[in-house]
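In what follows, a structure is listed as structure tokens, so that the remarks can point back to it.
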Amino acid sequence: ARRQRQMCIRDSCTGNEAVSKAYALGILAGYNSADTTSDVRVGPDNLITREQAATMLARLSEKLGKPMTAADNLPFTDSIADWAYENIAKVYDAGVMAGTSATTFSGSANYTIEQSVVTMVRIAEFVG
């Protein structure tokens with residue numbers, strides 16, 4: 001049997017291959033900066049926010065060879081974290097993610113299963 005090489009990141013050295021792959025591809029960056037991958041924290045069992053989802057979706061699209069461009073302006077009046085703003089502008093402009101209302105993105109709200117299904121279909125259509 002072929003043995004798979006496992007990349008360990010701080011909280012995912014227990015066989016969570018999907019998390020390790022997403023990290024290795026640059027889709028998932030972790031909660032902190034670290035000198036070695038074994039010191040990176042990713043929280044593989046944590047719920048993710050809409051801001052985190054937007055960031056991962058924009059990175060995924062780029063890795064699939066279809067980089068997104070950021071919208072010049074967003075209609076959202078609620079708070080969006082600085083680190084997530086550009087990626088939210090990208091997924092919004094691409095039509096992959098929308099707001100929870102016409103003027104609200106709800107970036108710190110949990111990304112729901114329903115939202116993930118819809119955005120996976122939309123990103124598949126976007127990358128073709």
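Here are the numbers for this structure:
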{"item": "Accessible area, probe 1.4 Å, largest first, for residues Thr55, Thr77, Thr104", "result": "Thr77, Thr104, Thr55"}
{"item": "Cα-projected label distance for Val118 with Ala81, points at 7 Å along beta-carbon direction, nm", "result": "2.2"}
{"item": "Label zone at Ser101, where the point sits 7 Å out along the Cα-to-Cβ direction: region 52-83 residues whose backbone N lies under 15 Å", "result": "75-79"}
{"item": "Calculated over region 48-128: convex hull of Cα atoms, volume per residue (Å³)", "result": "79"}
{"item": "Gained length - Ser108 relative to Ala24, 0.36 nm times residue gap less alpha-carbon distance", "result": "27.7 nm"}
{"item": "Rounded to the nearest 10 Å², the accessible area of Asp93 at probe 1.4 Å", "result": "80"}
{"item": "List Leu64, Leu28, ordered by accessible area with a 1.4 Å probe, largest first", "result": "Leu64, Leu28"}
{"item": "Low-density loop cleavage sites - chymotrypsin sites (Phe, Trp or Tyr not before Pro) in region 50-128, where at most 15 other Cβ are within 10 Å (DSSP)", "result": "none"}
{"item": "Net charge of Cβ neighbours under 10 Å - reference Ile27; Lys, Arg +1; Asp, Glu -1", "result": "+2"}
{"item": "Heavy-atom SASA rank of Ser116, Ser108, Ser20 (probe 1.4 Å, accessible area, largest first)", "result": "Ser108, Ser116, Ser20"}
{"item": "Accessible surface, region 58-128, averaged per residue in Å² (probe 1.4 Å)", "result": "59"}
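The values are calculated or read from the model by the stated rules, or taken from the named source; none is laboratory data. Worth saying up front: this structure is predicted, and the values here are computed from it rather than measured. Don't worry about glycine lacking a Cβ; one is built from the backbone with ideal geometry, like all the others, and counts go over all protein chains shown. We work out accessible area using only protein heavy atoms, side chains counted, and drop any ligands, DNA or RNA first. Shrake-Rupley method; radii C 1.70, N 1.55, O 1.52, S 1.80 Å.
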